[in-house]
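Okay, so here's the structure we're looking at.
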Amino acid sequence: MNNALTISGLTKTYKDFVLDRVSFDVPEGSIVGLIGENGAGKSTTINAVMGLIKKDAGHISIMGKEELDNDTKEQIGVVFDGSNYPEILSPKRLNRVMKNIYHYWDEHTYRSLLKQFSLPADKQISQFSKGMKMKLAITVALSHNSKLLILDEATSGLDPVIRDDILDMLLDFVQDEDHSILVSSHITSDLEKIADYIVFIHEGKVVFFKPKDELTEQYGIIKCGAAQFDALDKSDIIVYRKMDYEWQILVSDREKMQKKYPKAMVVPATIDEIMLLYVKGER
C-alpha cells in the first residue's frame, strides 16, 4: 500500500514546546484521525506538513515527494477552522478567483457541490453561518483535483446535523482509493465513525498510531476496587487511574482480560476514554 503522506522524525523546537520526532503515515484510500489535547502538537504537525513553518529535523513526503512543487500543492485540499475566504465575496465570485489560482479548477464540481450543500451562489460569505462557511471551504478543497485532504478542527462548533453531512462527504471522498484524508479533531466520536487509523499526540510526542478498530474493538477498561487492583498482573496494565470509588485500568485486549480476571468488570473503551486515561493516568 502506498502512502499519500509520510511523516518521519518530525521535530520542531519552540521556547516552551517541542514537537518531538513525530512519525506516522496516511495510507492512500484511508482516513487518519489526529487527536490530542490543546497544545499537544496537532496544529504544529499540520503547519509543518503544509510548509507554513520550517521543521528543525525529520522528513515529510507527500505523494512520494519531499519538496512541495505547484503540482503537488494543487493535489492538497486544506480546511482550517474559521473563515478561509474574503467575506465580501459570494460563492459565485469566489469561483472566478479560484479559476485563476488553481490550474485544475473544476467549475462543474464546484457548482454541483454548492447545490448539494444548499449554499446560495449569490449571497455574500459574510452572511453565511459557521456551518455554511465550513461547507464552502470543503467544497473548494474538493474542486481542484485534490487527492489529499487535510482538515484542522473543521467540525468544531458545528451542530450535529451539519457535522454528519460533512462526515458523509469525507467518506464519499475516500471511496476513490487515490484519495486520502488527515483530520485533526477534538470530537473523537466523529473519528470513531469515519477514521481508519488514529494518531494520538501528547506533549509533542506520538503516544500511538493504531488502526481505529483495534482501539474500539480490542481495548478495554477494567473497573475494580483496591484489592482487585493489587491482584492484577502489572504487565497487563497500560495506564491506570484512581477515581473516588474505583480504579480504572486501560488494557489492550479486553476479552483476554475478562477470561483472566472473571470477577472484574471489563468494559469497552471509547477513544475519548483511552485519551483521557493516557493523559490523566499513571503508568
query: Of these, 24, 80, which one is modelled with pLDDT under 90 and touching a strand residue (DSSP E or B) at 6+ places or on another chain (Cβ under 9 Å)?
result: 80
query: Regarding residue 102, is this residue closer than 24 Å to residue 4 by Cα and of a type in the set (Ser, Thr, Tyr)?
result: yes
Unique residue being over 21 Å from residue 47 (Cβ atoms) and in the same structural domain as residue 113 (by TED's automatic domain parsing) when the list is 140, 174: 174
message: Could you go through segment 99-112 and let me know if any residue there is crowded, with 16+ Cβ neighbours inside 10 Å and among the aliphatic types (A, V, I, L, M).
response: no
Near pairs, Cβ below 6 angstrom, 6+ apart or cross-chain, from segment 53-68 (within 18 Å of residue 181 (Cα to Cα)) to any residue that is not in a loop (DSSP other than H, G, I, E, B): 60/7; 60/49; 61/6; 62/5; 62/72; 63/72; 65/72
statement: Given the conditions (1) within 22 Å of the chain's Cα centre (by Cα); (2) in contact (Cβ under 8 Å) with a residue 12 or more places away in the chain, every one holds for residue 104 apart from (1)
task: Could you check how many residues of segment 24-50 are among the hydroxyl-bearing types (Ser, Thr, Tyr) and either part of a loop (DSSP other than H, G, I, E, B) or surrounded by fewer than 15 Cβ atoms within 10 Å (Cβ to Cβ) (or both)?
output: 1
field: segment 119-136, residues that are surrounded by fewer than 16 Cβ atoms within 10 Å (Cβ to Cβ) and modelled with pLDDT under 90
entry: 129, 130
- prompt: Counting only residues that are surrounded by fewer than 16 Cβ atoms within 10 Å (Cβ to Cβ) and either of a type in the set (Asp, Glu) or in contact with a Lys or Arg (Cβ under 9 Å, 6 or more places away or on another chain) (or both), how many does segment 274-283 have?
  reply: 2
query: Which of (1) touching a His at 6+ places or on another chain (Cβ under 9 Å); (2) under 21 Å from residue 195 (Cα atoms); (3) of a type in the set (Val, Ile, Thr) is the odd one out, the single condition residue 101 does not satisfy?
result: (2)
- request: List the strands (runs of 3 or more DSSP E) that sit entirely inside segment 233-273 and contain at least 1 residues that are exposed (fewer than 15 other Cβ atoms within 10 Å of the Cβ), not assigned by TED's automatic domain parsing to the domain that holds residue 199 and not aliphatic (A, V, I, L, M).
  value: 239-242, 265-268
task: Kindly indicate whether residue 196 is at pLDDT 95 or above and in the same structural domain as residue 60 (by TED's automatic domain parsing).
output: yes
- prompt: In this structure, is residue 35 touching a residue at least 24 places away in the same chain (Cβ under 8 Å) and within 19 Å of residue 204 (Cα to Cα)?
  reply: yes
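Can you name the residue in segment 137-146 that is part of a loop (DSSP other than H, G, I, E, B) and among the small types (Gly, Ala, Ser) and is also surrounded by the most Cβ atoms within 10 Å (Cβ to Cβ) among such residues?
Of everything passing the filter in segment 137-146, 143 is surrounded by the most Cβ atoms within 10 Å (Cβ to Cβ).
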- request: State which residue is nearest to residue 52 (Cα to Cα) when the search covers only segment 147-203 and only residues that are aliphatic (A, V, I, L, M) and in a loop (DSSP other than H, G, I, E, B).
  value: 154
statement: Those residues of segment 159-184 that are under 16 Å from the mean Cα position of the chain (by Cα) and not polar (S, T, N, Q) come to a total of 14
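The values are calculated or read from the model by the stated rules, or taken from the named source; none is laboratory data. Please read all numbers here as calculations on a predicted model, not as lab measurements. Cβ atoms come from the backbone with ideal geometry, glycine included; neighbour counts cover every protein chain shown.
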